[in-house]
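Written below as structure tokens is the structure these notes are about.
The values are calculated or read from the model by the stated rules, or taken from the named source; none is laboratory data. Because the structure is predicted, anything quoted here is derived from the model rather than measured. As a convention, Cβ positions derive from the backbone with ideal geometry for all residues, glycine included, and neighbour counts pool all protein chains shown.
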Amino acid sequence: MAKRAALDSLEAAYDAAVRMLARKSRTGAEVRAQLLDQGARPEDVESVIARLQSHRHLDDAVLASDEAFSLLEGKGMAPALAVHMLTERGLGESLARESVEAVREGRSELELCEQALQKRLKGRRLSASAAPKEGRALARLGYEEDVVTRTLERALNRSGEE
């Protein structure tokens, strides 16, 4: 694969950043890393980041809020894993935690786990034979073993199964 030409000017770096943001929402850290990987000068990268932020094309707080909603409500992810995923994208831990807590709205991890299970079941009742599979799926979403166990027990009790 042919190597791309280095981003040798401020405008070339800005244009590259705008193109990458047009394809996908990114954090400031992700844009910074990608521009540096493409050969942009560090001083140009900082100018590009500042310009994007001033034009509101790059806003880590908005992205954190949107991503936290997607991870918790859309994917049913446990709060701790959602915070981890956000920090992996280069967001600060305090911003990640605040965003997740805002979406969480005071709900307990058990409530969130039950919501994730209901989303997976799509209105069906949990059967005893399906419980192990659903338990593994909830564990992959980051829920602790005791929370998964209690969630499954409660769902089976509502289904009348043991």
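Flag set for Ala80, criterion: touching a residue at least 60 places away in the same chain (Cβ under 8 Å), in a helix (DSSP H, G or I) and either in contact with a Cys (Cβ under 7 Å, 6 or more places away or on another chain) or farther than 20 Å from Glu30 by Cβ (or both).
Tell me which residues, restricted to the stretch 87-117, are over 16 Å from Val148 (Cα atoms), in contact with a Phe, Trp or Tyr (Cβ under 9 Å, 6 or more places away or on another chain) and not aliphatic (A, V, I, L, M). Matches in the stretch 87-117: Ser99 only.
Leu112 meets the stated requirement of being more than 17 Å from Gly160 (Cα to Cα) and either among the hydrophobic types (A, V, I, L, M, F, W, C) or at pLDDT 95 or above (or both).
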